[in-house]
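Have a look at the structure below, then the notes.
The values are calculated or read from the model by the stated rules, or taken from the named source; none is laboratory data. Nothing here was measured: the structure is a model prediction, and the numbers come from that model. Cβ placement follows ideal geometry from the backbone for every residue including glycine, while neighbour counts extend to all protein chains displayed. All accessible areas refer to the heavy atoms of the entire protein, side chains included, with ligands and DNA or RNA removed. Shrake-Rupley method; radii C 1.70, N 1.55, O 1.52, S 1.80 Å.
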Amino acid sequence: MRDEALKGLSFGTRAIHAGVEPEPVTGAIMTPIFQTSTYVQPAVGEPHDGRYDYGRTANPTREALEASIAALEAGTHGVAFASGLAAIEAIVKRLSVGDHVVSEENTYGGTTRMFNRVLSRFGIEFTYVDARDTDAVAAAMRPNTKLVHVETPTNPMMKLCDIAAVADVAHAGGALLCVDNTFASPYNQRPLEIGADFTMHSSTKYVNGHSDVIGGLVAVKDAELADDLYFIRKSTGAVPGPMDCWLTLRGIKTMHVRMQRHNENGLAVATWLESHPKVDRVLYPGLPSHEQHDLAKRQMSGFTGMVSVDVGTLERTKALTEHLRIFSLAESLGGVESLVNVPALMTHGSVPQDRREAMGITPGLVRFSVGIEDIEDILADLDRVLG
Ligand code: P1T
C-alpha cells in the first residue's frame, strides 16, 4: 500500500503493508528481490518506465523499503543507504566548505569519528554540545550553522534531547535538525512529527531487528530534501543491495510486535538491575529515577531494550560481561537476541579518552541490548553472574 491507502491506518498495520504491493505479473504477495545491476532500455536514452536505467539510481525492492520507512516515520519520502553511517554522511554532504554543524557530543563513536577524522577535512566544522541543555545548543549556533545533529536517547548514556525545543532553536538559526532515531525506533518515537527535518536510522538495529543486515534509512517530509539525498546517493554510491533491502522490509513487518517485547523486557531488566547492590547506577529513560523521565514520557511511547549500567571498574565489567550465556558479548544492538557491550573498549573506543570519560563512558559502563527472549531466562542469566 502507498499514500492514500495508508491514511488512518495505525502503526502495526503500516509496518506490515506500507510500501508492499502485489507483484503485477504473478500477484506474489511478497515484494520480489530485484537482484539486478541494470535494466534493458526500450530506446537510446530512455530508461525503462521513465526511471529504471541502472541499479545505483533505482531499484524496486529498495523503493518498497523506502516507502515503508517514510510511512512509519510519518514522512513523505524514505532514502535507503548501505549503512547508518552512510546515511549520516549523505545528510552532512548537503553542506559545503565553511558550513558548521552543531552535534550532540555523545553520539555513536563512529559518528564522531566520521565527523572529526573524515568530514572535517573537507572544510565542515563541528561543535559538540550536551543537547540535554537546549540553551547549550542555542549558544553553539553560528551564522554558518546549517545542521544540528542529535541522537535521542544517546548511545550509550541514554541522554535525551527535547526534539521540539531543539528544532525551534535550529530553525530560528536557519539550520535543519537531524535526529538519529536508532535507539528509539519509529515505534517509540517519531521526530518528524515534532519538528525534525531528517530522522535517520542505523537500520542494522531495531528497524531490521535480526542482526543480519548492515543498513541505513532516512525519512523526510519535504520532496526537495529527499531529492538532494537521492542525488547525493546516486553521485557518491552508498546504495544498499536488493537482498538487504528485502530482509529489512521483512524485519519491519514485525517491528511493532518486537518493540512491544523489547520495551517490556528492557523495563524489567532496568528495574531488576536498579535494585541490585552490585550495580551503582542504571541509565534507562523508562525509570522514574532517570533525570529526564518526564521528557521521555512526553516524547516517547516506549523505552526500548537499551539499558546502560555503571558497575564501577573494568574488573567488575569483565566479571559481568564475559560469563553471561543469554547475552552475547558483541557490538551492535536492537536484534531479537540479547547482547552486551562495553562501550569504552568496544563501540566508543575511537572517541578520545578524555572526552569519553567526561561523558561517563568509563570502563565500568556496561550497555545491554535486551532481546525478546523470555524474561525469566534473561533475569536468571543476570542473577547467575551478578549473584
Ligand atoms: O553501523 P551502521 O549501520 O553504519 O550505523 C552506525 C550507527 C549510527 N547511529 C547509531 C545511534 C548507532 O548506534 C550506530 C551503530 N552502532 C553500533 C554498531 C553500536 O554497537 O552502538
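Going by the structure shown, is Leu295 at pLDDT 95 or above and open to solvent by 10 Å² or more (accessible area, probe 1.4 Å)?
yes
Please work out which residue is nearest to the chain's Cα centre (by Cα), limiting yourself to region 171-181 and to residues that are hydrophobic (A, V, I, L, M, F, W, C) and under 14 Å from Leu192 (Cα atoms). Show your work before the answer.
We begin by selecting, within region 171-181, every residue hydrophobic (A, V, I, L, M, F, W, C); these are 172, 175-179.
Filter again for under 14 Å from Leu192 (Cα atoms), leaving 176-179.
Details: Leu176: 18, Leu177: 15, Cys178: 11, Val179: 9 Å.
Here the residue is Val179.
Please work out which residue is nearest to the ligand (Cβ to nearest atom), limiting yourself to region 325-349 and to residues that are small (Gly, Ala, Ser) and touching a Phe, Trp or Tyr at 6+ places or on another chain (Cβ under 6 Å). Write out each step before concluding.
We begin by selecting, within region 325-349, every residue small (Gly, Ala, Ser); these are 328, 330, 332, 334-335, 338, 344, 349.
After this cut, where a residue has to be touching a Phe, Trp or Tyr at 6+ places or on another chain (Cβ under 6 Å) as well, the list is 334, 338.
Details: Gly334: 8, Ser338: 13 Å.
Filtering first and then ranking leaves Gly334.
If I ask for residues that are near the ligand (Cβ under 10 Å from one of its atoms) and either among the hydroxyl-bearing types (Ser, Thr, Tyr) or over 19 Å from Gly110 (Cα atoms) (or both), which ones from region 183-205 would you list?
Across region 183-205, the qualifying residues are Ser202, Ser203, Thr204.
Any residue in region 231-247 that is assigned by TED's automatic domain parsing to the domain that holds Arg367, in contact (Cβ under 8 Å) with a residue 24 or more places away in the chain, open to solvent by 70 Å² or more (accessible area, probe 1.4 Å) and farther than 28 Å from Gly12 by Cα?
Here is the first cut: in region 231-247, the ones assigned by TED's automatic domain parsing to the domain that holds Arg367 are none.
No, the conditions are met nowhere in region 231-247.
Within region 329-371, track down each residue that is surrounded by 23 or more Cβ atoms within 10 Å (Cβ to Cβ), in contact with a His (Cβ under 7 Å, 6 or more places away or on another chain) and among the hydrophobic types (A, V, I, L, M, F, W, C).
Ile361, Val370
Kindly list, by first and then second residue, each pair from a residue in region 69-92 that is without any contact (Cβ under 8 Å) to a residue 60 or more places away in the chain and of a type in the set (Val, Ile, Thr) to a residue that is open to solvent by 10 Å² or more (accessible area, probe 1.4 Å) and outside any strand (DSSP E or B), limited to pairs with Cβ atoms under 7 Å and residues at least 6 apart or on different chains.
What qualifies is Val92/Ile124.
One line per residue, one yes/no per condition, for (1) open to solvent by 70 Å² or more (accessible area, probe 1.4 Å); (2) part of a loop (DSSP other than H, G, I, E, B); (3) in the same structural domain as Val213 (by TED's automatic domain parsing); (4) of a type in the set (Asp, Glu):
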position	(1), (2), (3), (4)
Phe34	yes, yes, yes, no
Val40	yes, yes, yes, no
Ala70	no, no, yes, no
Gly75	no, yes, yes, no
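Within region 136-163, track down each residue that is on the phi < 0 side of the Ramachandran plot, away from the ligand (no atom under 11 Å from the Cβ) and crowded, with 24+ Cβ neighbours inside 10 Å. Break it down into steps so the answer makes sense when it comes.
Of all residues in region 136-163, those on the phi < 0 side of the Ramachandran plot come to 136-157, 159-163.
Still in the list and also away from the ligand (no atom under 11 Å from the Cβ): 136-148, 157, 159-163.
Answer for region 136-163, where residues must be on the phi < 0 side of the Ramachandran plot, away from the ligand (no atom under 11 Å from the Cβ) and crowded, with 24+ Cβ neighbours inside 10 Å: Val137, Val148, Lys159, Leu160, Cys161, Ile163.
Can you confirm whether Thr347 is at pLDDT 95 or above and either among the hydroxyl-bearing types (Ser, Thr, Tyr) or assigned by TED's automatic domain parsing to the domain that holds His210 (or both)?
Details: at pLDDT 95 or above: no; either among the hydroxyl-bearing types (Ser, Thr, Tyr) or assigned by TED's automatic domain parsing to the domain that holds His210 (or both): yes.
Spelling it out, it is not the case that Thr347 is at pLDDT 95 or above and either among the hydroxyl-bearing types (Ser, Thr, Tyr) or assigned by TED's automatic domain parsing to the domain that holds His210 (or both).
Which one of Leu314, Leu324 is outside the structural domain of Gly215 (by TED's automatic domain parsing) and in contact with a helix residue (DSSP H, G or I) (Cβ under 6 Å, 6 or more places away or on another chain)? Please lay out each step first, then the result.
Values: Leu314 fails: in contact with a helix residue (DSSP H, G or I) (Cβ under 6 Å, 6 or more places away or on another chain).
After ruling out the rest, the residue left standing is Leu324.
Need the failing condition index for Asn106 against (1) of a type in the set (S, T, N, Q); (2) more than 27 Å from Glu331 (Cβ to Cβ); (3) surrounded by 22 or more Cβ atoms within 10 Å (Cβ to Cβ), just the number.
In the conditions (1) of a type in the set (S, T, N, Q); (2) more than 27 Å from Glu331 (Cβ to Cβ); (3) surrounded by 22 or more Cβ atoms within 10 Å (Cβ to Cβ), Asn106 misses (2) alone.
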